[in-house]
1. Looking at segment 3-22, is at least one residue out of contact with any Pro (no Cβ under 6 Å at 6 or more places or on another chain), in contact (Cβ under 8 Å) with a residue 24 or more places away in the chain, open to solvent by 50 Å² or more (accessible area, probe 1.4 Å) and outside any helix (DSSP H, G or I)?
2. With (1) basic (Lys, Arg); (2) within 26 Å of Leu15 (Cβ to Cβ); (3) assigned to a loop (DSSP other than H, G, I, E, B) as the list, and Arg127 as the residue in question, which single condition is left unmet?
3. Name, by its number, the condition in (1) within 17 Å of Pro158 (Cα to Cα); (2) within 14 Å of the chain's Cα centre (by Cα); (3) in contact (Cβ under 8 Å) with a residue 40 or more places away in the chain that does not hold for Ala118.
4. Can you go through Leu36, Leu31, Leu62 and tell me which one is open to solvent by 40 Å² or more (accessible area, probe 1.4 Å) and assigned to a helix (DSSP H, G or I)?
5. Suppose the filter is open to solvent by 70 Å² or more (accessible area, probe 1.4 Å) and among the hydrophobic types (A, V, I, L, M, F, W, C); does Leu91 pass it?
6. Kindly provide the set of residues from segment 23-74 that are within 13 Å of the chain's Cα centre (by Cα) and among the small types (Gly, Ala, Ser), ordered by number.
7. Among residues belonging to segment 94-131 that are of a type in the set (Phe, Trp, Tyr) and within 30 Å of Phe57 (Cβ to Cβ), point out the one that is surrounded by the fewest Cβ atoms within 10 Å (Cβ to Cβ).
8. Does Val175 satisfy the criteria of being assigned to a helix (DSSP H, G or I) and surrounded by 22 or more Cβ atoms within 10 Å (Cβ to Cβ)?
Amino acid sequence: MAPIEQADVWLFRLLNLRLVHPAVDDLMVFLTNGSLSRHIGILAALFMVIRRGRQGFLVILLALLAVGMADFIASGIFKPLVERIRPCFALDQVRLLIHQSRSYSFASSHAANSAAVAAMTWIFFHRGERIEKLFTSLMIAYALAIGFSRIYVGVHYPGDVLGGIMIGLFSAAIVYLLFSWIVKNIVQPRFMRQNALSGE
């Protein structure tokens, strides 16, 4: 076993076996289960629309595109490419708190998707008013908590989560840069031409 992999296994055992408490188990299951915590995403979307109106819908659309890209990269490319066995099936004495199918481990799509949303939120809200800065911090903390929960419940190594976070950040950056390029090179020039024609 390579030193990096050994460190990953050691850190997994620390977070999954030692730094645990029964009182936190239900919270971790809640965070890791999208069907249980989806209303948090709905509340976040409502906040975006209430605070930014039409731009809020745009942020939601870009976030969904970033999530789609992140999920495809994590689950569609890396998982079949790396073929890493999940710790709950590869190691002994794992605290497995949820039912888990035998899909591959690297990278964590949960971490990738939540990081993509948090990154897109940061891009549009971190320079806003105090409540929007607080909202940004909460979304980042929520994404990190989801990533941590995947280790806590026994289905991902820390390296899987870190890889997922990097994929999520990359996906959000690519989607935003592509959106900015389209606005700068297609939408704005066309709008300026229309204004010039209407002014003649």
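The values are calculated or read from the model by the stated rules, or taken from the named source; none is laboratory data. These numbers come from a predicted model, not from an experiment. All Cβ positions, even for glycine, are placed from backbone atoms using ideal geometry, and neighbour counts span all protein chains on display. Accessible surface is based on the protein model in full, side chains and every heavy atom, while ligands, DNA and RNA are left aside. Shrake-Rupley method; radii C 1.70, N 1.55, O 1.52, S 1.80 Å.
1. no
2. So Arg127 meets the others, but not (2).
3. Just one mismatch for Ala118, condition (1).
4. Values: Leu31 fails: open to solvent by 40 Å² or more (accessible area, probe 1.4 Å); Leu62 fails: open to solvent by 40 Å² or more (accessible area, probe 1.4 Å).
It is Leu36.
5. Values: open to solvent by 70 Å² or more (accessible area, probe 1.4 Å): no; among the hydrophobic types (A, V, I, L, M, F, W, C): yes.
Considered against the rule, which asks whether it is open to solvent by 70 Å² or more (accessible area, probe 1.4 Å) and among the hydrophobic types (A, V, I, L, M, F, W, C), Leu91 comes out as no.
6. Gly34, Gly41, Ala63, Ala66, Gly68, Ala70, Ala74
7. First, pick out the residues of segment 94-131 that are of a type in the set (Phe, Trp, Tyr): 104, 106, 122, 124-125.
Restricting the remaining residues to those that are within 30 Å of Phe57 (Cβ to Cβ) gives 122, 124-125.
Working: Trp122: 18, Phe124: 20, Phe125: 23.
Only one residue tops the list, namely Trp122.
8. Working: assigned to a helix (DSSP H, G or I): yes; surrounded by 22 or more Cβ atoms within 10 Å (Cβ to Cβ): yes.
Yes: the conditions hold for Val175.
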